[in-house]
Structures are given as structure tokens and as C-alpha cells.
């Protein structure tokens with residue numbers, strides 16, 4: 001009798017476990033996805049989202065090849081910069097492509113919009129896009145007189161216009177330098193102290209910031225949800241560049257008045273330095289291509305000094 005009870009108990013236990021397994025299998029089948037991943041940031045290489053796989057979030061990629069197979073799902077946005085994108089699955093958000101190539105297959109479904117900049121997407125007639133297709137490219141008309149446009153461009157580059165542009169730049173530098181020196185005297189001279197204390201470090205930090213921050217900001221802007229942070233970073237970089245030239249103008253003015261044994265006010269010294277720096281910048285811009293990098297090289301020491309004075313240690 002005891003053996004019969006034991007056998008019945010084991011049988012009931014086995015049936016219970018089987019029922020649990022069946023319920024679990026039913027849940028997996030109802031969900032329809034074998035794997036679910038969080039938001040992804042991709043860089044280089046090739047990434048494939050296979051059938052019955054899902055990204056519960058956004059995908060951002062730089063210089064990568066991203067393939068979304070039929071039956072795969074992305075619940076957020078896809079943003080790719082300088083890469084290759086192939087979609088045969090479903091995207092519930094927007095698709096943003098910048099300076100790359102994209103292809104939407106027969107089974108592709110985009111519930112948001114397709115936004116492309118300097119990019120042309122190969123869209124199958126069977127592909128479904130519920131939102132808008134927004135494309136930004138350099139417009140070129142077949143019947144447009146390109147030679148006439150080149151002549152018009154050269155008109156803008158005549159010496160008279162160039163001199164006017166450089167004069168406005170010098171005046172702007174004078175104004176910004178005077179404002180930085182008069183209203184933000186303490187922070188400006190803290191930056192000067194940081195540059196004098198660690199010139200090599202300031203140069204390195206400035207160069208790294210000037211060339212990397214725009215790329216990082218662009219990536220954030222393309223991701224849509226982080227675009228405010230990218231815009232703030234670009235604005236901060238612009239302020240740092242303008243402030244950097246004001247700092248360099250002060251340094252040049254201080255050094256020259258010291259050599260010439262001139263006893264000028266702080267503001268007068270700053271304006272004198274800004275005038276000379278502005279003329280030097282305009283002269284350097286006459287050098288094709290290299291002029292931009294030379295000016296950036298000099299500007300970077302001020303940007304690095306700002307970083308050191310804010311986040312490093314410098315004697316006032």
C-alpha cells in the first residue's frame with residue numbers, strides 16, 4: 001500500500017512539473033522572441049539582429065554595418081553615422097542615417113520616419129514606412145548653370161569682401177576680449193596662469209577637445225533623445241574657443257607691453273593684444289587648408305587652459 005502511495009505521489013509530481021514546463025513554453029511562444037537585448041551602441045565591425053531577436057530600446061552606430069533580419073524587432077530608434085544599414089525587420093521608432101548607405105527590403109516595416117542626411121536609401125516598393133521620409137542632400141539641378149555659380153562664388157571671394165570679413169572678425173575679437181577682461185577678469189587670468197604653468201598639457205588637452213567634442217556632439221544629436229546634450233556641448237565648445245582667443249590676446253598684449261616697457265591698463269593691454277592676434281589670424285587664413293589647422297593649433301592652448309583652470313589646479 002505504501003509503495004502504491006509513493007508511486008502515485010511521484011506521478012503527480014511529474015505531471016505538475018510537466019504542466020509548468022508547458023506553461024513556460026506557451027509563454028515563450030506567445031512572446032515570439034528567443035532573445036531580448038537592451039539599447040546598443042555599435043562601433044565598427046558587423047552586427048546582425050536575427051529572426052525572433054529583439055532590441056528593447058535604441059540602436060546607435062558609428063562606422064558599422066547593421067543588419068536587421070526579417071522577424072527581428074527594434075522597439076526604439078536606429079541612428080547610424082557613416083555606416084551601412086540593412087533592414088528587413090520591424091522598427092517601431094525612427095531611422096536616422098547620416099553619410100552612409102541604407103537599404104530597406106521587401107519585409108521592412110518602419111513605424112516612425114526615415115531621416116537621412118547626405119545619404120540615399122534604397123527602398124523596396126514593398127517596404128512600409130508609416131512616417132515621413134526626410135532627406136537632406138546638396139541640391140544640384142540638371143539645368144543649373146554650374147559655371148555661373150562658380151563665378152558668383154568667386155565674386156564673394158574678391159579682396160574687398162575678404163577685407164570686410166576680416167575687419168569684422170577683428171572687431172568681434174576686440175569686443176569679446178574687452179568683455180572677457182573687464183567683466184570676467186579673475187577667470188580669464190586664472191586660465192592664463194594655468195597655461196603658463198602647464199603649456200604642453202594645455203595644448204594637448206585643447207587639441208583633443210577641439211577635434212573630439214564635435215564628433216561626440218554629432219553622435220548625441222543624431223540619437224535624437226540625447227540631442228539637447230549634444231547641442232549644449234557644441235555651445236560650450238564655441239564659448240571656449242571665443243574665450244580662448246581672448247586669453248591668447250591678453251597673453252600677447254602682456255608680453256609685448258612688457259618688452260616695450262609700456263605701462264598700460266589691463267583693458268588697454270588686452271585690446272592691443274587682440275588687435276595683433278586678429279591681424280595674425282587673418283594673415284594665416286590666407287594659407288589654403290593649412291591656415292585652418294594652424295589657427296586651430298594656436299587656439300587649442302587657450303581651450304586647454306580653460307579645462308585646466310576649471311578641472312585642474314592652477315595658481316591664480
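Yes/no per residue for (1) surrounded by 14 or more Cβ atoms within 10 Å (Cβ to Cβ); (2) at pLDDT below 85; (3) assigned to a strand (DSSP E or B):
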| position | (1), (2), (3) |
| --- | --- |
| 86 | yes, no, yes |
| 96 | yes, no, yes |
| 103 | yes, no, yes |
| 112 | yes, no, no |
| 125 | no, no, no |
| 134 | no, no, yes |
| 138 | no, yes, no |
| 149 | no, yes, no |
| 152 | no, yes, no |
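For residue 67, state whether it is surrounded by 14 or more Cβ atoms within 10 Å (Cβ to Cβ), within 21 Å of residue 223 (Cα to Cα), modelled with pLDDT of 85 or more and more than 20 Å from the chain's Cα centre (by Cα).
yes
Residue-wise test of (1) modelled with pLDDT under 90; (2) touching a helix residue (DSSP H, G or I) at 6+ places or on another chain (Cβ under 6 Å); (3) over 17 Å from residue 184 (Cβ atoms).
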residue: 206; (1), (2), (3): no, yes, yes
residue: 217; (1), (2), (3): yes, yes, yes
residue: 222; (1), (2), (3): yes, no, yes
residue: 255; (1), (2), (3): no, no, yes
residue: 288; (1), (2), (3): yes, no, yes
residue: 297; (1), (2), (3): no, no, yes
residue: 303; (1), (2), (3): no, yes, no
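Would you mind stating whether residue 217 is over 14 Å from residue 303 (Cα atoms) and either buried (at least 19 other Cβ atoms within 10 Å of the Cβ) or not assigned by TED's automatic domain parsing to the domain that holds residue 299 (or both)?
Yes.
I need a count of the residues in the stretch 255-282 that are without any contact (Cβ under 8 Å) to a residue 40 or more places away in the chain and either under 24 Å from residue 294 (Cβ atoms) or surrounded by 20 or more Cβ atoms within 10 Å (Cβ to Cβ) (or both).
7
Only one residue in 293, 311 is out of contact with any strand residue (DSSP E or B) (no Cβ under 9 Å at 6 or more places or on another chain), loosely packed, with under 15 Cβ neighbours inside 10 Å and at pLDDT 90 or above. Which one?
293
Hey, does the stretch 13-35 have a residue that's in contact with a helix residue (DSSP H, G or I) (Cβ under 8 Å, 6 or more places away or on another chain) and modelled with pLDDT of 85 or more?
Within the stretch 13-35 (the criterion being in contact with a helix residue (DSSP H, G or I) (Cβ under 8 Å, 6 or more places away or on another chain) and modelled with pLDDT of 85 or more), the answer is yes, since at least one residue qualifies.
The values are calculated or read from the model by the stated rules, or taken from the named source; none is laboratory data. Since the model is a prediction, treat every value here as computed from it, not as a measurement. Every residue, glycine as well, gets a Cβ built from its backbone with ideal geometry; the counts of neighbours run over all protein chains shown.
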